[in-house]
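S.K.: I'd like to ask some things about the structure below.
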Amino acid sequence: MKALAHEHATDVSSAVRAVASSPDAAFLAGGSNLVDHLKLGVTAPSRLVDITRLPLDTIEETDDGGLRIGATVRNSDLAAHAVVRERYPVMARALLAGASGQIRNQATTGGNLLQRTRCVYFQDITTPCNKRQPGSGCSAREGYGHDNAILGASPECVTVHPSDFAVSLSVLDATVVTAGPHGERRFPYAELHRLPGEHPERDTTLERGELITAIELPPLAREIRSTYHKVRDRASYAFALVSVAAAVEMDGPRLADVRVAWGGVAHRPWRAHRLEETLRGQEPTPKAIRAALDAELEAADPTSQAAFKVPMVRRTTAMVLRDLTDGRTR
Amino acid sequence: METSITLTVDGAERRVDVDHRTTLLDALRDRLGVTSPKKGCDHGQCGSCTVLLDGRRHLTCLTLAIAQDGAEITTAAGLADGDDLHPVQQQFLDQDGYQCGYCTPGQVCSAVGMLEEVKQGRPSHVTEDLTGDIELTDEEVRERMSGNLCRCGAYPNIVAAIREAAR
């Protein structure tokens with residue numbers, strides 16, 4: 001590990017300036033992913049700007065009935081918050097499906113979103129990886145590919161985003177609030193994470209020094225039922241093979257609204273827009289759900305070892321939609 | 001680069017100069033001689049380095065000591081009240097909740113922190129009703145303790161020890 005300066009930031013704007021002005025600086029929040037990367041040599045900043053003492057650790061109800069979540073709120077505290085448990089079960093369930101009890105006490109709201117892929121080649125600095133070292137090649141496309149993407153991959157990168165929490169933000173149509181070198185910015189969560197394209201080294205659309213300060217959730221009508229279901233290689237403490245976040249609103253036997261996002265299948269949480277368009281206004285019969293899944297997965301192009309994820313995400317989505325539309329959320 | 005930090009460890013205030021790269025685990029074990037938290041994987045995957053940090057269960061291998069300046073740390077060695085073991089420690093003995101013992105200090109700290117979370121009514125991944133009361137079943141204990149591995153496989157007795165301690 002390279003010699004390292006560490007400072008506790010005292011206000012947001014100086015933290016932003018510190019990282020924006022130095023190509024070798026990085027924000028440090030909970031550190032559960034970054035400290036591991038320092039040890040592994042995946043990243044080697046010379047200066048850490050620690051944001052954990054900034055006043056960004058509160059959860060507040062907003063005037064419109066939504067929720068504003070500070071960037072340094074710990075994942076465990078967010079999942080345990082009374083409003084989250086009652087009104088945003090999809091988010092509580094996604095958070096509780098992630099990591100372990102200890103890590104949820106450490107990991108923050110912003111840090112969870114900015115964690116990097118767990119692709120074994122990204123974390124092994126002796127192997128080529130375009131995300132870690134642009135232009136070096138992708139080892140996962142021909143190598144160990146059990147965790148690879150099935151949608152939206154590029155020749156340069158076939159990895160998936162590891163966060164469960166992010167998948168829930170996708171169906172909740174959350175807003176990201178940032179402070180950056182050019183001031184404050186608010187934008188839909190859908191614009192935060194990107195597909196790899198030719199630049200897999202960039203996970204997000206944030207610019208250097210831009211700091212997530214809060215996540216805002218719009219109100220979720222009481223009629224909307226939502227949940228999160230994660231499938232993994234073992235019962236607990238593992239990343240998703242596939243996961244499904246869904247929210248539905250019924251109008252009699254029909255779906256007045258349906259929102260679905262998938263984890264474990266792409267470089268970012270995959271909002272299933274074509275599936276939603278196909279199902280909206282329909283009765284959620286097995287046949288209608290199959291047709292909607294066909295529409296969404298037409299573009300699936302899995303590498304051979306990840307081909308199992310296509311039927312897995314189909315069956316998991318069908319099960320989740322059946323349970324939600326039957327009124328059995330879990 | 002070194003900085004002097006203060007940690008309160010099992011009730012005693014300790015001052016130590018740490019290189020900024022030092023993890024909290026290495027500061028405790030190598031600099032302060034506090035060997036109760038164990039180094040297993042050193043990558044946050046096994047839980048053997050778990051302590052109570054400002055009252056909550058926390059890994060020490062994935063955090064820098066400098067970032068925890070001023071923290072209050074309780075290790076498994078600091079849980080007993082004189083000769084009276086903490087109920088969780090006593091139940092690990094009574095229920096034979098270990099074999100080699102290497103993961104045990106982390107298991108014990110994690111269990112103490114976890115039982116406090118249950119007392120606060122915090123749900124887990126396997127809790128059916130997110131807003132209801134929590135019944136501490138075997139399934140709940142296993143899910144909540146999934147961040148602590150035991151390579152001897154003493155899991156059934158660890159679950160029994162934690163359930164007994166929770167009575």
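The values are calculated or read from the model by the stated rules, or taken from the named source; none is laboratory data. Worth saying up front: this structure is predicted, and the values here are computed from it rather than measured. Virtual Cβ from ideal backbone geometry, glycine too; neighbours counted across all protein chains shown.
Each row is one residue, and each column tells you yes or no for (1) over 23 Å from A:Ile51 (Cβ atoms); (2) buried (at least 17 other Cβ atoms within 10 Å of the Cβ).
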position: B:Arg14; (1), (2): yes, yes
position: B:Asp17; (1), (2): yes, no
position: B:Leu32; (1), (2): yes, yes
position: B:Arg56; (1), (2): no, yes
position: B:Asp84; (1), (2): yes, no
position: B:Cys103; (1), (2): yes, yes
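S.K.: Being in a loop (DSSP other than H, G, I, E, B), of a type in the set (A, V, I, L, M) and modelled with pLDDT of 95 or more: is that true of A:Ala166 here?
M.R.: No: the conditions fail for A:Ala166.
S.K.: I've got another one for you. Being farther than 19 Å from A:Gln123 by Cα, in contact (Cβ under 8 Å) with a residue 60 or more places away in the chain and not aliphatic (A, V, I, L, M), is that true of even one residue in the range A:4-18?
M.R.: Yes, the range A:4-18 contains at least one residue that is farther than 19 Å from A:Gln123 by Cα, in contact (Cβ under 8 Å) with a residue 60 or more places away in the chain and not aliphatic (A, V, I, L, M).
S.K.: Any chance the range B:46-66 includes a residue that's more than 18 Å from B:Asn148 (Cα to Cα) and over 18 Å from the mean Cα position of the chain (by Cα)?
M.R.: There is at least one residue in the range B:46-66 that is more than 18 Å from B:Asn148 (Cα to Cα) and over 18 Å from the mean Cα position of the chain (by Cα).
S.K.: Same structure again: Considering only the range A:1-53, state which residues are on the phi > 0 side of the Ramachandran plot and more than 10 Å from chain B (Cβ to nearest Cβ).
M.R.: The one that is on the phi > 0 side of the Ramachandran plot and more than 10 Å from chain B (Cβ to nearest Cβ): A:Gly41.
S.K.: Right, another one. If you check B:Ala65, B:Ala80, which single one turns out to be of a type outside the set (Lys, Arg) and within 21 Å of B:Gln107 (Cβ to Cβ)?
M.R.: Selected residue: B:Ala80, the only one of B:Ala65, B:Ala80 that is of a type outside the set (Lys, Arg) and within 21 Å of B:Gln107 (Cβ to Cβ).
S.K.: Residues of the range A:159-183 being touching a Pro at 6+ places or on another chain (Cβ under 8 Å) and of a type in the set (Val, Ile, Thr), which ones?
M.R.: Once the filter is applied, which keeps residues that are touching a Pro at 6+ places or on another chain (Cβ under 8 Å) and of a type in the set (Val, Ile, Thr), the range A:159-183 yields A:Thr159, A:Val167, A:Thr175, A:Val176.
S.K.: What are the pairs with Cβ atoms under 7 angstrom where one residue, in the range B:39-66, is acidic (Asp, Glu) and the other, located anywhere, is surrounded by fewer than 23 Cβ atoms within 10 Å (Cβ to Cβ)? Sequence gap at least six, or different chains.
M.R.: Qualifying pairs under 7 Å: B:Asp54/B:Ala71; B:Asp54/B:Glu72.
S.K.: Of the residues A:Leu211, A:Leu195, only one is away from chain B (no Cβ under 14 Å), surrounded by fewer than 18 Cβ atoms within 10 Å (Cβ to Cβ) and more than 19 Å from A:Glu60 (Cα to Cα); which?
M.R.: One residue alone meets the criteria, A:Leu195.
S.K.: If you don't mind, another one. Might you let me know whether the range B:91-99 holds any residue that is in contact with a helix residue (DSSP H, G or I) (Cβ under 7 Å, 6 or more places away or on another chain), within 13 Å of chain A (Cβ to nearest Cβ) and under 26 Å from B:Ala160 (Cα atoms)?
M.R.: Looking through the range B:91-99, none of the residues is in contact with a helix residue (DSSP H, G or I) (Cβ under 7 Å, 6 or more places away or on another chain), within 13 Å of chain A (Cβ to nearest Cβ) and under 26 Å from B:Ala160 (Cα atoms).
S.K.: Look at B:Arg151 and say whether it is in a loop (DSSP other than H, G, I, E, B) and either within 12 Å of another protein chain (Cβ to nearest Cβ) or at negative phi (or both).
M.R.: Answer is yes for this residue.
S.K.: For A:Ser304, indicate whether it is polar (S, T, N, Q) and within 14 Å of chain B (Cβ to nearest Cβ).
M.R.: no
S.K.: Among the residues of the range A:8-26, is there at least one that is within 15 Å of A:Gln106 (Cβ to Cβ) and crowded, with 19+ Cβ neighbours inside 10 Å?
M.R.: No, every residue in the range A:8-26 fails to be within 15 Å of A:Gln106 (Cβ to Cβ) and crowded, with 19+ Cβ neighbours inside 10 Å.
S.K.: A further question follows. Of the residues that make up the range A:126-142, is at least one acidic (Asp, Glu) and within 19 Å of the chain's Cα centre (by Cα)?
M.R.: no
S.K.: Which helices (runs of 4 or more DSSP H) does the range A:219-330 wholly contain that include 3 or more residues that are touching a residue at least 40 places away in the same chain (Cβ under 8 Å) and not polar (S, T, N, Q)?
M.R.: Answer list for the range A:219-330: A:309-326.
S.K.: Also, I was wondering about something else. Return the residue satisfying two criteria in turn: it lies in the range B:48-87 and is among the small types (Gly, Ala, Ser) and touching a strand residue (DSSP E or B) at 6+ places or on another chain (Cβ under 9 Å), and of such residues it is nearest to B:Ala165 (Cα to Cα).
M.R.: Ranking the candidates gives B:Ala76 first.
S.K.: Next up: Looking at B:Thr127, B:Thr104, B:Thr137, can you tell me which residue is within 11 Å of another protein chain (Cβ to nearest Cβ) and not hydrophobic (A, V, I, L, M, F, W, C)?
M.R.: Answer to the check: B:Thr127.
S.K.: Of the conditions (1) outside any helix (DSSP H, G or I); (2) at the interface with another protein chain (Cβ under 9 Å from one of its Cβ atoms); (3) surrounded by 14 or more Cβ atoms within 10 Å (Cβ to Cβ), B:Met114 satisfies every one except a single condition; which number is it?
M.R.: The one condition B:Met114 does not meet is (1).
S.K.: Report, by residue number, each residue of the range B:129-150 that is in contact with a Phe, Trp or Tyr (Cβ under 8 Å, 6 or more places away or on another chain) and either touching a residue at least 40 places away in the same chain (Cβ under 8 Å) or over 15 Å from B:Gly97 (Cα atoms) (or both).
M.R.: B:Ser146, B:Gly147, B:Cys150
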